[in-house]
Every structure is written in C-alpha cells, then in structure tokens.
Amino acid sequence: MREDLTVATTGDMLALGRRLAAVLLPGDLVVLSGDLGAGKTTLVQGIGAGLGVRGPITSPTFVIARVHPSLSGGPALVHADAYRLGSPAEVDDLDLDASLETSVTVVEWGGGLVEDLAPDRLDVGIALAPPGPDNGPGLEQEPRTVRLEGHGARWEGVGLPPPGNAPAPGSAAASGSAAASGGGKAS
Ligand SMILES: Nc1ncnc2c1ncn2[C@@H]1O[C@H](COP(=O)(O)OP(=O)(O)O)[C@@H](O)[C@H]1O
Ligand SMILES: [Mg+2]
C-alpha cells in the first residue's frame, strides 16, 4: 500500500479511519506520525468506529496504552501513544507484543520506537496541507495530507476500499458494480 491523500475535514479523517479499518487484520501494526494536533487520534477514532470497538478513544494522558475490546467479535484495538516514551526499552515495557497477534495495534508517535514489534507495518504520516484557497489560518477546518506506506509482504497489493459507504461484500447492493469489479472473490 502506498497512497497520498488530502483530507479536508475532521469528518473526512474519521471516514478515512473507517476505510482503513476495513483492511485491518489481527496482527497488524499501524504507526502514526505527525505533529501535535495533526489528527492522529482523530484517525484512530475512525479506525475504532470501523472496527466496532468499545470507546471512547481519547488522547492518552497518563495511560500510555489502552485496549478497546471489540463489540462485534472482531479484533481488539490497542491504542498506544508513545509521545512520552524515549526509548525502545520503554516501549518493551508496554508489552504491546503480548497482544499484537490477536489485535490491531495503532501507535501514535511510534516512529523510530516500535518498528521492531512486527516485521510488517503500515506507516501513516499526517501533516497540515500547505495553505491554499480553501485553507489557511483562522479557518476551522484545515486540510491534512496523509501518506499511507506499507512495509513488508502483508501490505503488498493491499489498497484502501473506495470512499463512501461501500456496501458490505455479499450484500444486495454489492451484487452489482462492486461484484463486477471484485477480484474474483468467491461468495
Ligand atoms: N482535516 C482534518 N483532519 C483531522 N483533524 C482535523 C482536521 N481539521 C481540523 N482538525 C482538528 O484537529 C484536531 C486534531 O487533534 P488530534 O486528532 O487529537 O491530533 P493528534 O492526535 O495528532 O495530536 C482535532 O481537534 C480535529 O477536529
Ligand atoms: Mg493524539
């Protein structure tokens, strides 16, 4: 997976999280980077909604890692914020690897600290989009650029599902164009 996106609003960031959740599997590690206020936690909230886990998903203050169990029999979401962590040894202390195999693990500010947790990972970099006609200082919604970059065999050939309320595979609405464009997935 390698995608560059522009995300205009908070709602669009939540929607991106939901789209991402549709391709996430137990064992996946997602590493989020970007400045304070970039929208990392907002993206995790969308992922949590898409996975159907128990909320609320918030910016950890004293708790550095939190487990959000699934409400629907799927994988739990482990949400960690490595902002206050200074070394891989401190990351070890979180015991993220204990839950990695069975959960979706998302780490904010994890760049340079958590890469050793799993051989494959999805890096997500979020930045403020450069000023343009539709964004600038003082506007409530400020667009972000998001880069998704998969590393390892897990992410080869994996893409985001299309935006919008894509019908679930096998649903009545999916039997039309979605099935025609599917890759021959058996029903
Ligand atoms: N396009 C956008 N994408 C994401 N967040 C946005 C956007 N525009 C405005 N925001 C706001 O920016 C803030 C991002 O905060 P948060 O997700 O906690 O960032 P981080 O976890 O990276 O510090 C939220 O208040 C969100 O509503
Ligand atoms: Mg955050």
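The values are calculated or read from the model by the stated rules, or taken from the named source; none is laboratory data. All values derive from a computational prediction rather than experimental measurement. Cβ: placed from backbone, ideal geometry, glycine included. Neighbour counts: every protein chain shown.
Data for the structure
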item	result
Condition met for residue 59 (within 13 Å of ligand 2 (Cβ to nearest atom), polar (S, T, N, Q), assigned to a loop (DSSP other than H, G, I, E, B) and more than 15 Å from residue 114 (Cβ to Cβ))	yes
Enumeration of residues in the stretch 31-57 that are in contact with a helix residue (DSSP H, G or I) (Cβ under 7 Å, 6 or more places away or on another chain) and over 13 Å from residue 105 (Cβ atoms)	34, 39, 42, 43, 45, 46, 49, 50, 55, 57
Residue in the stretch 70-93 that is in a loop (DSSP other than H, G, I, E, B), modelled with pLDDT under 95, within 22 Å of residue 151 (Cβ to Cβ) and hydrophobic (A, V, I, L, M, F, W, C) present	yes
Any chance residue 129 is among the small types (Gly, Ala, Ser), modelled with pLDDT of 85 or more and within 15 Å of ligand 2 (Cβ to nearest atom)	no
